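Contents: one structure, followed by commentary.
The values are calculated or read from the model by the stated rules, or taken from the named source; none is laboratory data. Note that the structure is a prediction, hence the values are computed from the model and not measured. Note: ideal-geometry Cβ built from the backbone for every residue, glycine included; neighbour counts use all protein chains shown. Protein only, heavy atoms only, side chains kept; ligands, DNA and RNA dropped before computing areas. Shrake-Rupley method; radii C 1.70, N 1.55, O 1.52, S 1.80 Å.
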Amino acid sequence: MWYVSTRGMAPRVDFEGALFSGYASDGGLFMPEELPQLNRETLCQWSTLSYPGLVKELCALFIGSELIPKDDLNDLIDRAFSRFRHRDVVHLSRLRNGLNVLELWHGVTYAFKDLSLSCTAQFLQYFLEKKEKHVTVVIGHCTKIQELQMTTVLKENVHVFGVEGNSDELDEPIKAVFADTVFVKKHNLMSLNSINWSRILVQMAHHFFAYFQCAPSLDTHPLPLVEVVVPTGAAGNLAAGYIAQKIGLPIRLVVAVNRNDIIHRTVQQGDFSLSEVVKSTLASAMDIQVPYNMERVFWLLSGSDSQVTRALMEQFERTQSLNLPKELHSKLSEAMTSESVSDEAIIQTMGRCWDENQYLLCPHSAVAVNYHYQQMDRQQPSSTPRCCLAPASAAKFPEAVLAAGLTPETPAEIRALEHKETRCTPMRRGDTWMLMLRDTIEDLSWRWKGHVLNASQ
């Protein structure tokens, strides 16, 4: 399985190359050169698999046994999911009036990213141990509880910065550091946000699991449809869902965003343009202006045409504004529908879900569930089952729970964080963020080299 850049100007790489690269050297994102096609028989075989079982099958399809033999791959994935709190790793809550909520948050940090990052970390470790190398990972924005989860890690190989700014502002110095290819190579620099193909690959399993849990029966011809509602910011889960759809999973995608509505405007009007500012919302992880994974979606919509994709993305980067060509917009609105949800609607949805089910939603999950309630209230009954992805636990967002007039439930391990020592370097407006990042990365590399030298003496 080979991977190519969506912009077509970078050499193709194998899974290991895509894993360690993040962005391709031409600024594009890696995608499989060819997508496998799953037939009815394969889908029926997969329908009884557990969530980890689905991850194993999908990873085997897209990694290749010459890079990671099947037994090794299965061991890595078992190890990745060994610390999850729920025995099924991912759990479907079936609530009143056809509301299905797929809980993706049973990992260590109570968020969906635990699923893909646990696997990605295992893949990285597998390749690094073989080559006796190290990597420096740069990551972004978080909430107060996420902040505590990071600042209470006092290990020498973890450096946390407290940034006075939003995630789009932080993306600029990170992208600038990654643009220096000599520096990136020297320090084995990589990013683990959802530009990384490994994240998208594992996130495809959410959609397969949602489908098999919610499809009424696989005995019909054609296979039944399931609607999957995807709350998103950077469009990683959306790209994963669209790839799943392209390789044969019969899902209808609904993309749900907060007031930062660039994806909604793109789906509805073909308007992929930045707003003047990032709006702060209760669904803070989705407060993103630039949903970079839409580049993957555009590439697929254009029939894997890297020339078209490059022209679109270069225009967007130059002008921060883009109107999709008519044909591309038409294909996009065939592939998915969308909605944008206000803070007021988030609060109402959280309250209603509690009243009807005694079930606490996080604000991001409420963005998805709001779509379900809208469809119900319009009295548009559908024979198509619907599954709402729940990316995080309500325990991480006590302020939003309180805003909805509800009582937060904080697990003991999160409460314990408040009493731990923290360590964090402030990055204030006026500081040169890129230099601060570069200096820290240089320092980490020297320490690692010293550690290796000491270990070998």
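Could you point to the residue in 367, 44, 193 farthest towards the positive end of the chain's charge dipole, with +1 and -1 charges on the Cβ of Lys/Arg and Asp/Glu respectively? It is 44. Ranked by the mean number of other Cβ atoms within 10 Å of their residues, highest first, the peptides 216-225, 405-414, 173-182, 27-36 fall in the order 27-36, 173-182, 405-414, 216-225. Each peptide in 59-70, 274-285, 113-124 receives the mean, over its residues, of other Cβ atoms within 10 Å, and ordering these scores from highest gives 113-124, 274-285, 59-70. With a probe of 1.4 Å, find how much accessible area segment 1-144 has per residue, and write the answer as a whole number in Å². Averaged over the residues of segment 1-144, the accessible area is 46 Å². Converting phi to 3J(HN,Hα) with the Karplus coefficients 6.51, -1.76 and 1.60 and the offset θ = phi - 60°, segment 206-219 yields 4, 6, 5, 5, 4, 4, 5, 6, 10, 5, x, 6, 9, 8 Hz in sequence order, with x at every glycine or proline.
Note on residue 108/residue 376: beta-carbon distance plugged into 1/(1 + (r/R0)^6) with R0 of 45 Å gives a FRET efficiency of 0.85. When segment 238-296 is described by a simple charge dipole with +1 on each Lys and Arg Cβ and -1 on each Asp and Glu Cβ, the residue from 289, 244, 263 located farthest towards its positive end is 244. Within the chain, what whole-number % of the accessible surface is contributed by carbon and sulfur, with the 1.4 Å probe and all protein chains included in the calculation? Within the chain, the accessible surface is 49 percent carbon and sulfur.
Placing dummy labels 7 Å off each Cα toward the beta-carbon, the span from residue 181 to residue 25 is 0.4 nm. For Rg and Dmax of the Cα atoms in Å, the value computed from the atomic coordinates appears in the list (i) 30.1, 100; (ii) 21.5, 73; (iii) 22.5, 78 under label (ii). In plain terms, the chain from residue 2 to residue 220 could stretch by 75.0 nm, reckoned as 0.36 nm per residue minus the Cα-Cα distance. Taken along the Cα-to-beta-carbon direction at a fixed 7 Å, the label points for residue 280 and residue 35 span 3.9 nm. Under a model in which nothing but the beta-carbon of Lys, Arg (+1) and Asp, Glu (-1) is charged, the chain shows a dipole of about 300 debye around its Cα centre. In this Cβ point-charge picture (+1 for Lys and Arg, -1 for Asp and Glu), segment 229-371 has a dipole of about 320 debye about its Cα centre. For the residue pairs 131/175; 56/113; 70/186; 175/246; 396/420; 113/396, alpha carbon separations beyond 24 Å are given by 131/175; 70/186; 175/246. Just name one of 397, 416, 441: the one whose Cα is farthest towards the positive end of the charge dipole of segment 392-443 (beta-carbon charges, Lys/Arg +1, Asp/Glu -1). Going by the charge dipole, the pick is 397. Once the 1.4 Å probe is applied to the protein heavy atoms, segment 344-428 comes out at 48 Å² accessible per residue. A simple spin-label model places the labels of residue 129 and residue 75 0.7 nm from each other, with each point 7 Å out along Cα-to-Cβ.
Using a cut-off of 11 Å between beta-carbons, work out the net charge of the residues near residue 64 (Lys and Arg +1, Asp and Glu -1, residue 64 not included). Local net charge: -2. For residue 387, the amide hydrogen comes within under 5 Å of the amide hydrogens of 227, 228, 229, counting only partners 5 or more places away or on other chains and with H modelled in the peptide plane.
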